[in-house]
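Below is one structure, written out as C-alpha cells, with a few remarks after it.
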Amino acid sequence: MSQVCPVWVGYLLASPVRKLFQNPDVILKSFVRDGMTVMDVGCAMGFFSLPAARLTGDSGKVVCIDCQEPMLTRLTKRAKKAGVMHRIETRMCTTDNLRADDLSTKVDVALAIAMVHEASNPAHLIKQISNTVKPGGVFYVAEPLGHVSLPQVEETRATIEQNGFEVLETQKSHRLYSMLLKKTA
Ligand SMILES: C[S@@+](CC[C@H](N)C(=O)[O-])C[C@H]1O[C@@H](n2cnc3c(N)ncnc32)[C@H](O)[C@@H]1O
C-alpha cells in the first residue's frame, strides 16, 4: 500500500520557496476563473487551495479534501490569515472514499497535485474525482518525477482519459510532469 505524506512534509510543501519551480498563481490563472467551483484533492496545507480561492472570488468556492485532519487544520489557519476562508470548505475523507458524491458533475476544476501516487488505488480515486467534474470542466494533475516514474504518470494520464477526459496540455521538466485534461462528456 502507498504511504501518505507525513504532516511535517506538509509544512515544507506550503513554503513560499516552492513557488520558484511550481507557482500556483501562474499555473491556476490559465483555467480558474471568478465564480468557479474548484476541488483540491489531497490539498494538504493549501499551497494550491489558497491561490485558487483568490481566483474564484466571493461567488466561487474551493472544496479542500484531505485524508489527514492536521493538514486541514493548518490549511484553515492559513486561509483565515489570508482572508479567504469564507471561500473555502474543508472535508476530511478516507483513503478509499473521497466523500464527494454530492459534488457529482458540479466541479469546474479538479486539482490532484503530488497526490495520485499516494493513493492505494489510483484508478478508484481518479474515478471518484472524474465523477465530480462537469462536462467541459478540467482536471489538473501534477506528479513529482524521480519520486514517481514516467510510466506511472503515463498510466495516470491513460486512466483519466478512460474516465471521459481529453488531454489539453502536458508539461514535463526534470522535476515535474503536469497535465491539464478536459471532460468531454
Ligand atoms: C504530497 S502531499 C501534496 C499536497 C498538495 N496537493 C500540494 O501540492 O502541496 C499529498 C497530500 O495528499 C493527501 N492524500 C494522500 N492520499 C489521499 C487520498 N487517497 N485521498 C485524499 N487525500 C490524500 C495527503 O494527506 C497529503 O496531504
Task: Relative exposure of LEU125, LEU180, LEU145, judged by other C-beta atoms within 10 Å (fewest first) - done: LEU145, LEU180, LEU125
Task: Reach of LYS134 by Cα under 16 Å, taken over aspartates and glutamates that are not fewer than 8 positions away in the same chain - done: ASP40, ASP101, ASP102, ASP108, GLU161, GLU166
Task: Percent of Cα-Cα distances greater than 15 Å, calculated over region 113-153 - done: 45 percent
Task: Overall Cα dimensions of the chain, principal axis frame, Å, largest first - done: 39, 34, 30
Task: DSSP-defined antiparallel bridges as percent of all bridges, region 90-185, nearest 5 - done: 70 percent
Task: Of all DSSP beta bridges in region 39-121, antiparallel share, percent nearest 5 - done: 10 percent
Open item on the list: Could you list ARG99, ARG78 so that the one with the fewest beta carbons within 10 Å of its beta carbon is first and the one with the most is last?
Closed with: ARG99, ARG78
Open item on the list: For the chain, which cysteines have no second Cys with its Cβ under 4.7 Å from theirs?
Closed with: CYS5, CYS67, CYS93
- [ ] Using the charge dipole of the chain (Lys, Arg: +1 at Cβ; Asp, Glu: -1 at Cβ; taken about the Cα centre), state which of ALA142, VAL109, ILE88 has its Cα farthest towards the positive end.
- [x] ILE88
- [ ] Please figure out what share of the DSSP beta bridges in the chain is antiparallel and state it in percent, rounded to the nearest 5.
- [x] 40 percent
Open item on the list: Check which residues have an amide H placed less than 5 Å from LEU145's amide H, if you skip close sequence neighbours.
Closed with: LEU176, TYR177
Open item on the list: To make sure I understand, if each residue's beta carbon is the centre and we count other beta carbons within 10 Å, what order do HIS174, HIS117 fall in, fewest to most?
Closed with: HIS174, HIS117
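Read-outs: derived from the displayed coordinates by stated rules, not from any lab. Source: prediction; values computed, not measured. No Cβ is skipped: glycine too gets one built from the backbone with ideal geometry, and neighbour counts run over all protein chains shown.
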